[in-house]
Amino acid sequence: MKIHAKEYRVLGQRDPMIYGHFIEHFHRQIYGGVYDPGNPLSDEDGLRTDVLSAMRKIHVPILRWPGGCFVSSYHWKDGVGEERVPLFDKAWRVEEPNTFGTDEYIQMCRKIGCEPYICTNAGTGTAEEMSDWVEYCNLENEGQYAKQRIANGYEEPHKVKYWSIGNENYGWWEIGAKDEKEWGRLTLEAAKMMKHVDPCTELSAAALTDIDWNVNLLKNCGQFLDWISIHEYWDPIHETNDGADYDACMAYTADIGHSVRKVKGLLEAFGLEKKIRIAFDEWNLRQWYHPKVHCIEQGVTKEEYVVPRDDNDINSQYTMADAVFTASFLSMCNRNCDIVGMANFAPIVNTRGCIYTYPDGIVLRSTYHVFDLYVNYLGDIVLDTWQEEVPVKQMKRIDGEIVEVEQLDVLVTAFSDHAGYAVAAINKSADEELSFTLELDAAGTVTVDYICGDSTEAYNDVDHDGVVIQHKELGIFESGMMITLPPHSVNVIRIGVEEV
Ligand code: AHR
């Protein structure tokens, strides 16, 4: 395959928030995950220092919280102040202790060094309750909620800039689901009140690729929105946990940006593409496993619907398929940096996350190293590239459809703050080394940092490091140089980058 790139043909500068993350009050993401009071590895606020350190290493830019489905019957006032009353979480059908609430979340974000991003309850909640939350977080001292925050020990406003109105309220499975007309009206009222409290907030609202839903949302509320939220999980296993195999996962990468294309088209039709950006604020190759709760037939015993959630913790499930898919998605976000300004891996800790916790430590799953490579090795200026002789393969999706999958995905970036280039190169082939030549006016040494594992099934676990970042040097770059990639690998090739 031949790749051509010109340093003056720039697609744009990617927003670092495309490397964002999400954490929900679900299973062991918060309780027993990042929030583990009493664990020797936790700090004075009960936060796992090893988890915080791993989050800082991949420079988590923004962290969406507290849900997800959880938020659609969550009332934030239950999670602040001295008295924390345990309540029944009707979304996930477990008890929510409410010991981790807004103030604990903000403290966590400060320790990570990331922006908070709060998703509000548009299920059972009201426009007033959402705007009260903004009062609590962002007003200096006016009104009861800012005064409550001060009384709770937080003199200074939390200054939460990013807010989302609702979560998947379009879905029958969501508590407080709405039709498009109800949604248009509610989002307008909520946005109005939230902006009245703090006009410096940036607002998003739950959306999808459905035209009617988005037309009503944008007609009613477009003038108040800065973002539009979409979600996507490709492997539909929330009832079965029977993950698709490597080739089926690669088939999912065909047209991986279809949702972005559809929503961008609608924003352009409204002339809003310069005002509203896409927040892909939940995405992952695989759905979370939570049988008999997201369906009509609810589990009766905890063995039916709570205990199985532990199967998300089986680390051997997160292989090079997850890593290669994750890299493909992040490269897509880079290529669409004109419209995708945020993306949140769902979730970051436990469940299908990139960081797994156990009482004595953490496991960095294969997907964690993809974020490490993209955040710490790739550039922020996305170059336009064109390619010839792309190797393709007919691959079967689990629904039986045959799709054509490009086996190589090559993204060329430059740096806004120093010389050199960095190329994210993905080889999706399960068993073949693949090569490409790069036509680029560049000079300097060539290094490659990459993950591939010893097979498509390579994974990391407590006592097993099957996927680690490896490094090699390829000498001095010449335009037209051939670069060979191992099978099932994610590579960042750096050219003329002085090691900082
Ligand atoms: O499976 C987890 C759920 O997926 C999230 O809570 C929700 O936002 C999405 O439907």
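How large is the Rg to Rh ratio of the stretch 405-500 when both quantities use alpha carbon positions and Rh follows Kirkwood?
Here Rg/Rh amounts to 1.00.
Radius of gyration and Dmax for the chain's Cα atoms, expressed in Å?
Calculated on Cα positions, Rg and Dmax stand at 22.5, 66 Å.
How far is helix 366-376 tilted off the main Cα axis of the chain, in degrees rounded to 10, range 0 to 90?
Rounded to the nearest ten degrees, it is 80.
Taking a ≥ b ≥ c as the square roots of the eigenvalues of the Cα gyration tensor of the stretch 1-105, is the shape rounded (a/c under 1.5), prolate (a/b larger than b/c) or oblate?
prolate
In whole percent, what relative contact order does the chain give with Cα contacts below 8 Å and a gap of six or more residues?
Once divided by the residue count of the chain, the mean separation gives 18 percent.
Residues with beta-carbon under 12 Å from that of Trp172, excluding Trp172: net charge, scoring Lys, Arg +1 and Asp, Glu -1?
My count for the surroundings of Trp172 gives -2.
If the reach is capped at under 18 angstrom between alpha carbons, list the aspartates and glutamates near Lys275, excluding any in the same chain fewer than eight residues apart.
Asp15, Glu202, Asp226, Asp338
Taking a temperature of 4 °C and a viscosity of 1.567 mPa s, what whole-number D in µm²/s does Stokes-Einstein yield for the stretch 328-470 with Rh from Kirkwood over alpha carbon pairs?
In µm²/s, the coefficient rounds to 75.
Please sort 436-442, 317-323, 388-394 by packing, taking for each peptide the average over its residues of neighbouring beta carbons within 10 angstrom, highest first.
The densest-packed peptide leads the list: 317-323, 436-442, 388-394.
Which aspartates and glutamates, on any chain, are close to Lys181 with Cα under 16 Å apart, when same-chain ones fewer than 8 places away are left out?
Partners within reach: Glu168, Glu189, Asp210, Asp212.
How far is helix 211-221 tilted off the main Cα axis of the chain, in degrees rounded to 10, range 0 to 90?
In the chain, helix 211-221 runs at an angle near 60 degrees to the longest axis.
Residues with beta-carbon under 10 Å from that of Tyr377, excluding Tyr377: net charge, scoring Lys, Arg +1 and Asp, Glu -1?
Result for the local shell: -1.
Pairing the Cα long axis of helix 127-138 with the longest principal axis of the chain, what angle in degrees results, from 0 to 90 and rounded to the nearest 10?
70
Sorting check: for 223-232, 288-297, which peptide has the highest mean count of neighbouring beta carbons within 10 Å, and how do the rest follow?
The most tightly packed comes first, giving 223-232, 288-297.
In the chain, what % of DSSP beta bridges are antiparallel (nearest 5)?
Of those bridges, close to 60 percent are antiparallel.
Quick one: compute the contact order of the stretch 178-332, relative version, from alpha carbon pairs under 8 angstrom and 6+ residues apart, as a percent.
25
Can you tell me which aspartates and glutamates have their Cα less than 16 Å from the Cα of Lys6? Leave out same-chain residues fewer than eight positions away.
Within reach: Asp380, Asp384, Glu388, Glu439, Asp441, Glu478.
If you average the sequence gap of Cα pairs under 8 Å that are 6 or more apart and divide by the length of the stretch 184-251, what percent do you get for the contact order?
34 percent.
Which one of Thr456, Val446, Ala430 is farthest out on the positive end of the charge dipole of the stretch 428-467, using unit charges on Cβ (Lys, Arg +1; Asp, Glu -1) and the Cα centre as origin?
It is Val446.
Quick note: the coordinates plus some simple rules give every number you see, no bench work behind them. Being a predicted model, the structure only gives us computed values, none of them experimental. Glycine also receives a Cβ, built like all others from the backbone with ideal geometry; neighbour counts cover every protein chain displayed.
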